[in-house]
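Chemist: Here it is: the structure, laid out below.
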Amino acid sequence: MHTYPRFETEETQNITQMALPHIEIKDLNVFIEGQHILKDINLSIPNNSITSIIGPSGCGKTTLLKTLNRLVDDGKGVEIKGSVLVNGEDIYAPHAEVTHIRKKMGLLSQRPFPLPMSIFDNVAYGPRIHGERNKAILKQIVEQQLRNVGLWEEVKERLDASATGLSIGQQQRLCLARGLAVKPEIILGDESTSALDPISTQTIENLLIELKKDYTIVLVTHILRQARRVSDYILFVYNGEIVEFGKTEDVLLNPQNEITKQYVKGFIS
Amino acid sequence: MSNIQRRLRKEKIAKIVMQLSGISITGSLFLIIGTILYKGLPYLSWEMISQTPKGGFYIGKEGGILNAILGSIYLATLSTLLATLIGIPIAIYLDVYVKSKSFFARCCKLLFDVLFGIPSIVYGAIAFSIMVWLGIRASLLGGVITITLLTIPIVVRTIDELLKTIPVDLKNVTFSMGTTRWETARMLLKYIKPGIFTAILLAFGRAIGDVAGVLLTTGFSDNLPKYLDEPTATLPLAIFFQLSSPVPEVQGRAYASALVLTFIILVIVICTHILASKQKKHKI
């Protein structure tokens with residue numbers, strides 16, 4: 001059998017030996033309406049760190065991210081081969097429970113989407129659907145998560161106000177708090193700062209850096225400077241294939257592959 | 001003529017065309033309301049809306065159209081309620097449970113578009129033949145079932161269009177919190193709540209104004225509607241019967257009945273708008 005190259009860093013090899021990595025992708029191939037979007041992906045994503053997926057538009061980076069929490073399933077004509085192991089459990093196994101898998105992964109989308117309800121209810125929504133009914137505990141969770149994202153002081157007086165009245169930067173932090181309230185293990189960010197102003201972007205970036213001590217974070221970004229600022233590891237995807245994966249400074253400052261070199265220098269976008 | 005002049009001229013023409021169509025539509029509306037006010041108001045009396053037809057009502061003697069007013073309200077309310085209860089789950093199923101661009105979903109939507117366009121007399125005829133087969137006579141229930149079938153496509157297509165306006169990312173972030181499809185569907189319904197009132201309003205308007213669908217299935221009765229299995233009068237049919245009369249007095253009452261029908265619709269429209277605007281608090 002033909003074996004594909006595995007992309008591992010020294011660190012992930014060590015982690016593999018110590019404990020199961022959070023996310024491990026094996027021989028993943030994704031086809032959408034007959035098009036081969038992701039090709040032979042083999043990858044171990046290191047724990048408690050930020051991994052940025054970079055690459056030109058249409059290279060498959062968002063599809064790769066959505067494959068991790070099975071949001072890709074919902075599209076038309078999607079065919080997935082291979083496996084994605086989260087804590088050793090294959091999320092594409094025939095009997096895998098999709099809601100349980102998604103709960104483990106908070107998603108921060110491109111644009112903030114507050115739910116059509118109050119600030120309090122937005123954060124309490126996740127815990128409520130997962131069965132938390134106790135009001136005191138819900139209050140505690142809401143306060144803790146809003147503090148986590150640095151929003152508590154700004155909104156504590158108006159928790160009952162509509163979430164849509166917040167500024168876009170505040171909304172994105174609220175969405176992060178809402179995601180964290182479900183107690184995920186992994187945070188997935190899909191160009192999460194692309195709609196934000198520079199100051200809000202910085203706030204979110206600092207939050208993510210702060211959060212990596214408790215979570216494994218995977219971000220899709222098209223901003224190289226952002227990838228450089230926040231990430232520990234960089235994964236460069238081109239035409240649906242992994243071209244290079246390694247520590248941020250190695251990939252950005254000393255790329256091994258010719259295509260990576262051109263992309264980093266801005267010759268391809 | 002320079003380029004900018006040409007473009008400005010096109011802009012001017014487009015504006016005039018739009019204004020003309022606006023004026024003609026509002027004009028027709030005022031013409032309709034004016035006509036029924038002019039012809040109907042003199043015949044509108046307390047007796048007219050508080051009594052049932054007495055003997056000889058249709059040749060110009062005393063009585064009113066309370067039977068038809070109540071009949072129409074019952075019929076339209078019940079069938080709109082049923083159509084909403086059946087239509088919303090169908091729309092949700094086609095948008096949230098089935099992949100929305102799948103062959104099955106597209107076939108269903110096409111089918112609802114066809115049903116939407118079928119004239120109500122066809123619904124009436126089919127319902128009538130089924131009723132004959134089952135041995136059921138023309139009744140309020142028969143009318144409710146027919147009008148429900150008639151209005152379901154309206155509810156489904158309106159809700160479907162509303163669900164299409166929801167950004168895919170909103171669905172995705174909800175799913176990524178580990179919600180089931182049902183929980184996501186409830187969130188989406190909350191999001192489109194003001195629009196749902198529009199769907200209900202459209203269905204109610206079609207239900208209360210329909211003549212052909214009720215002609216064969218609901219029958220007509222001078223008594224107040226009390227039971228589901230009895231023939232029931234409806235306002236559009238009452239208008240039809242009165243207009244066919246040669247007696248000027250009765251024809252005048254037809255316009256008064258039309259006035260009552262318009263008033264009921266006006267009240268429903270206002271209520272819907274108030275309810276919808278109250279729901280807009282959390283709208284994004």
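Chemist: Which condition number does A:Thr193 fail, the rest of (1) closer than 30 Å to A:Leu174 by Cβ; (2) not in a loop (DSSP other than H, G, I, E, B) being met?
Modeler: All conditions are met except number (2).
Chemist: Let me ask something additional. Consider B:Ile147 carefully, then state whether it is crowded, with 17+ Cβ neighbours inside 10 Å and part of a helix (DSSP H, G or I).
Modeler: Values: crowded, with 17+ Cβ neighbours inside 10 Å: yes; part of a helix (DSSP H, G or I): yes.
Considered against the rule, which asks whether it is crowded, with 17+ Cβ neighbours inside 10 Å and part of a helix (DSSP H, G or I), B:Ile147 comes out as yes.
Chemist: Checking the condition of a type in the set (S, T, N, Q) and free of Cβ contacts under 8 Å to residues at least 24 places away in the same chain, which residue from A:Asn69, A:Asn148, A:Asn87, A:Asn134 passes? Can you show your working first?
Modeler: Values: A:Asn69 fails: free of Cβ contacts under 8 Å to residues at least 24 places away in the same chain; A:Asn148 fails: free of Cβ contacts under 8 Å to residues at least 24 places away in the same chain; A:Asn87 fails: free of Cβ contacts under 8 Å to residues at least 24 places away in the same chain.
Step by step, each of A:Asn69, A:Asn148, A:Asn87, A:Asn134 is checked, and only A:Asn134 is of a type in the set (S, T, N, Q) and free of Cβ contacts under 8 Å to residues at least 24 places away in the same chain.
Chemist: A further question follows. Do you know which of the residues in the range B:183-199 that are touching a residue at least 60 places away in the same chain (Cβ under 8 Å) and over 15 Å from B:Gln279 (Cα atoms) is farthest from the other protein chains (Cβ to nearest Cβ)?
Modeler: It comes out as B:Ala185.
Chemist: Which one of the conditions (1) of a type in the set (D, E, K, R); (2) modelled with pLDDT of 90 or more; (3) in the same structural domain as B:Leu202 (by TED's automatic domain parsing) does B:Lys15 fail to meet, given that it meets all the rest?
Modeler: Among (1) of a type in the set (D, E, K, R); (2) modelled with pLDDT of 90 or more; (3) in the same structural domain as B:Leu202 (by TED's automatic domain parsing), the lone unmet condition for B:Lys15 is (3).
Chemist: Would you be able to tell me the number of residues in the range B:159-182 that are of a type in the set (Val, Ile, Thr), without any contact (Cβ under 8 Å) to a residue 60 or more places away in the chain and more than 7 Å from every other protein chain (Cβ to nearest Cβ)?
Modeler: Initial filter on the range B:159-182 (of a type in the set (Val, Ile, Thr)): B:159, B:165-166, B:168, B:173-174, B:179-180.
Filter once more, so that each one left must be without any contact (Cβ under 8 Å) to a residue 60 or more places away in the chain: B:165-166, B:168, B:173-174, B:179-180.
Filter again for more than 7 Å from every other protein chain (Cβ to nearest Cβ), leaving B:165-166, B:168, B:174.
Residues that pass the stated criteria total 4.
Chemist: Let me ask something else about it. Residue by residue through the range A:139-158, note down the ones that are within 14 Å of chain B (Cβ to nearest Cβ) and either at pLDDT below 90 or more than 14 Å from A:Leu207 (Cα to Cα) (or both). Give the steps one after another, and end with the answer.
Modeler: Step one: list which residues in the range A:139-158 are within 14 Å of chain B (Cβ to nearest Cβ), which gives A:141, A:145, A:158.
If the condition is that a residue be within 14 Å of chain B (Cβ to nearest Cβ) and either at pLDDT below 90 or more than 14 Å from A:Leu207 (Cα to Cα) (or both), then A:Ile141, A:Arg158 are the ones that fit.
Chemist: Please go through the range A:225-269 and give me each residue that is assigned to a helix (DSSP H, G or I), within 23 Å of A:Tyr215 (Cα to Cα) and among the polar types (S, T, N, Q), ordered by number.
Modeler: The answer is A:Gln226, A:Thr248.
Chemist: Which of the residues spanning the range A:99-137 are among the small types (Gly, Ala, Ser) and over 23 Å from A:Glu89 (Cβ atoms)?
Modeler: Going residue by residue through the range A:99-137, those that are among the small types (Gly, Ala, Ser) are A:106, A:109, A:118, A:124, A:126, A:131, A:136.
Of everything in the range A:99-137, those that are among the small types (Gly, Ala, Ser) and over 23 Å from A:Glu89 (Cβ atoms) turn out to be A:Ser109, A:Ser118, A:Ala124, A:Ala136.
Chemist: Let me ask something else about it. Which one of these is within 14 Å of chain A (Cβ to nearest Cβ) and part of a helix (DSSP H, G or I): B:Gln251, B:Gln242, B:Gln279?
Modeler: Within the list B:Gln251, B:Gln242, B:Gln279, the selection yields B:Gln279.
Chemist: Still on this model: Residues of the range A:80-104 being touching an Asp or Glu at 6+ places or on another chain (Cβ under 6 Å) and away from chain B (no Cβ under 14 Å), which ones? Spell out how you get there, then give the answer.
Modeler: Residues of the range A:80-104 touching an Asp or Glu at 6+ places or on another chain (Cβ under 6 Å): A:82-83, A:85, A:104.
Correct list: A:Gly82, A:Ser83, A:Leu85.
Chemist: May I ask you to list the residues in the range B:231-284 that are touching a residue at least 12 places away in the same chain (Cβ under 8 Å), within 30 Å of A:Ser118 (Cα to Cα), surrounded by fewer than 15 Cβ atoms within 10 Å (Cβ to Cβ) and β-branched (Val, Ile, Thr)?
Modeler: If the condition is that a residue be touching a residue at least 12 places away in the same chain (Cβ under 8 Å), within 30 Å of A:Ser118 (Cα to Cα), surrounded by fewer than 15 Cβ atoms within 10 Å (Cβ to Cβ) and β-branched (Val, Ile, Thr), then B:Val269 is the only one that fits.
Chemist: If you don't mind, there's one more thing I want to ask. Output the qualifying pairs, or none if there are none: Cβ atoms under 7 angstrom, residues six or more apart or on different chains, first residue in the range A:151-178 and free of Cβ contacts under 8 Å to residues at least 12 places away in the same chain, second residue among the acidic types (Asp, Glu).
Modeler: From residues that are free of Cβ contacts under 8 Å to residues at least 12 places away in the same chain, the pairs are A:Trp152/A:Glu143.
Chemist: To continue, here is another question. Can you list the helices (runs of 4 or more DSSP H) found entirely within the range B:157-211 that contain at least 3 residues being at pLDDT 90 or above?
Modeler: Values: elements: B:168-175, B:181-191, B:193-209.
Helices (runs of 4 or more DSSP H) meeting the threshold: B:181-191, B:193-209.
Chemist: Restricting to the range A:94-138, what's the tally of residues that are buried (at least 23 other Cβ atoms within 10 Å of the Cβ), assigned to a helix (DSSP H, G or I) and not β-branched (Val, Ile, Thr)?
Modeler: Of the residues in that region, 4 qualify.
The values are calculated or read from the model by the stated rules, or taken from the named source; none is laboratory data. Predicted model, so just to flag it, every value in this text is computed and none were measured. Virtual Cβ from ideal backbone geometry, glycine too; neighbours counted across all protein chains shown.
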